[in-house]
Amino acid sequence: IGTQASNTYLKLLLGGVKDMAGNSIQATALGTMVSNFTGDLVRPTLLSFNLNMDTALLILSFDESVNSTSLHVSTATVSSAVHNHTLTGSVLSSNGPVQQIRLDVSCMNLIKLQEICTRQLNGQDCTLSFGSDLVLDMSKNAVVPFGGLVSIYSPDLTSPTLTGYSVNMSSSIVSLTFDEPVNISSAVYQRMRAQISSTAASGAGGYYLTGGDSISITGTLTIQFVLTQLDQFAIKLFVPDLWKALSRSGTNRLI
């Protein structure tokens, strides 16, 4: 309604207006097309944006309704003082002034990998930028280009999950793969236990590592480290079947 003369009609109901003598206008049976129409020529403007790093939800708030089908997520970027990343995701909202976007898992992982929008700086390293091709309003006016800091920032509070691991028996290299980028410097090898089975009791059929030598960089989904000679010898000496079990799949664990 109201985007052009052909879809702009007015219908008055009984009591809609009165003359100076108090006589009410009679209801009209049909709506009347506008006789003089001036369309909306004002471009929409982003008022604020919120980013939740835990739920991967980006919320854009405009000063007027925009057409959600015209919203092109990949034309927007988030950046810190050092890095920037182009967004990918799905629009969850219908037409309106508030648009919700669910960012892809791969997109979120790369944002974290490049240390953009970090918990350490409480989002003060989180700038959103886009040009006029991001979205149109209901009258097809292009949005005003934007570049500014996040208004409401929610940090990532979800713990990473180990999704898989591998052990190279010849080189003693252990590879751990997680569902999001992790900080290799935070690895505490003494909190990792090699077990001969998933239900092995503490002290039986298992061995706590004493250390490790990192051979990967921070911020990747997979971290790699080399077992210490002490751990290699101890596993072979005290749990002779464990060394073989680590190369099997499905029945062994390194946690």
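The values are calculated or read from the model by the stated rules, or taken from the named source; none is laboratory data. This structure is a prediction, so every number in the text was calculated from the model and none was measured. Positions of Cβ are backbone-derived with ideal geometry, glycine not excepted, and every protein chain shown enters the neighbour counts. Just the protein is used for accessible areas: all its heavy atoms, side chains included, with ligands, DNA and RNA removed. Shrake-Rupley method; radii C 1.70, N 1.55, O 1.52, S 1.80 Å.
Other residues lying with their Cβ under 15 Å from the Cβ of residue 144 contribute a combined charge of -3, Lys and Arg counting +1, Asp and Glu -1.
The packing ranking, built from the mean of other Cβ atoms within 10 Å per residue, places the peptides 20-27, 77-84 in the order 77-84, 20-27, highest first.
Please return the longest stretch of the chain lacking exposed loop sites, where trypsin sites (Lys or Arg not before Pro) count only if DSSP places them in a loop and at most 12 other Cβ atoms lie within 10 Å.
Values: sites that count: 11, 140, 248.
In short, 12-139.
What is the angle, in °, between the Cα long axis of helix 229-238 and the longest principal axis of the Cα atoms in the chain? Nearest 10 is fine, range 0 to 90. Its long axis makes an angle of about 70 degrees. For region 1-125, the percent of C-alpha pairs falling in each 10 Å distance bin, counted from 0 to the bin holding the largest distance, reads 11, 29, 21, 14, 12, 9, 4, 0.
In this structure the amide hydrogen of residue 216, modeled in the peptide plane, comes within under 5 Å of the amide hydrogens of 224, none closer than 5 places in sequence on its chain.
Counting other C-beta atoms within 10 Å, and keeping those with at most 14, which DSSP coil chymotrypsin sites (Phe, Trp or Tyr not before Pro) do you find in region 2-104? Don't jump to the answer; show the numbers that get you there.
On the way: sites: 9, 37, 49, 62; in loops: 37.
Those that pass, being in a loop and sparsely packed, are 37.
For residue 76, the amide hydrogen comes within under 5 Å of the amide hydrogens of 87, counting only partners 5 or more places away or on other chains and with H modelled in the peptide plane.
Can you give the net charge of the other residues whose Cβ lies under 13 Å from the Cβ of residue 153, counting K and R as +1 and D and E as -1?
Numbers: positive: 119; negative: 54, 125, 156.
Residues near residue 153 contribute -2 overall.
With the charge dipole of region 65-223 set up from +1 on Lys and Arg Cβ and -1 on Asp and Glu Cβ about the Cα centre, the Cα lying farthest toward the positive end among the listed residues 129, 170, 82 is that of 170.
Counting only Cα atoms, region 121-201 measures 66, 26, 25 Å along its principal axes, largest extent leading. For region 50-118, place one equal point scatterer on every Cα, skip the solvent, and apply the Debye formula. What is log10 of I(q)/I(0) at q = 0.12, 0.19, 0.28 Å⁻¹? Debye curve over Cα of region 50-118, log10 I(q)/I(0) at q = 0.12, 0.19, 0.28 Å⁻¹: -0.31, -0.73, -1.30. Counting Cα-Cα pairs of region 1-75 in 5 Å increments starting at 0 gives whole-percent bin shares of 3, 11, 13, 14, 12, 10, 10, 9, 7, 6, 4, 2, 0. When the chain is described by a simple charge dipole with +1 on each Lys and Arg Cβ and -1 on each Asp and Glu Cβ, the residue from 111, 147, 212 located farthest towards its positive end is 212. Between residue 83 and any residue 5 or more places off or on another chain, the built amide H atoms are never under 5 Å apart.
Just the protein heavy atoms count here, and of the accessible area of the chain at 1.4 Å, carbon and sulfur take up 55 percent. Counting heavy atoms of the protein chains alone, residue 55 has an accessible area of about 60 Å² for a 1.4 Å probe. Here is the P(r) of the chain: all C-alpha pair distances, binned every 5 Å from 0, give 1, 5, 10, 12, 10, 8, 7, 7, 7, 7, 6, 5, 3, 2, 2, 2, 2, 1, 1, 0, 0, 0 in whole percents.
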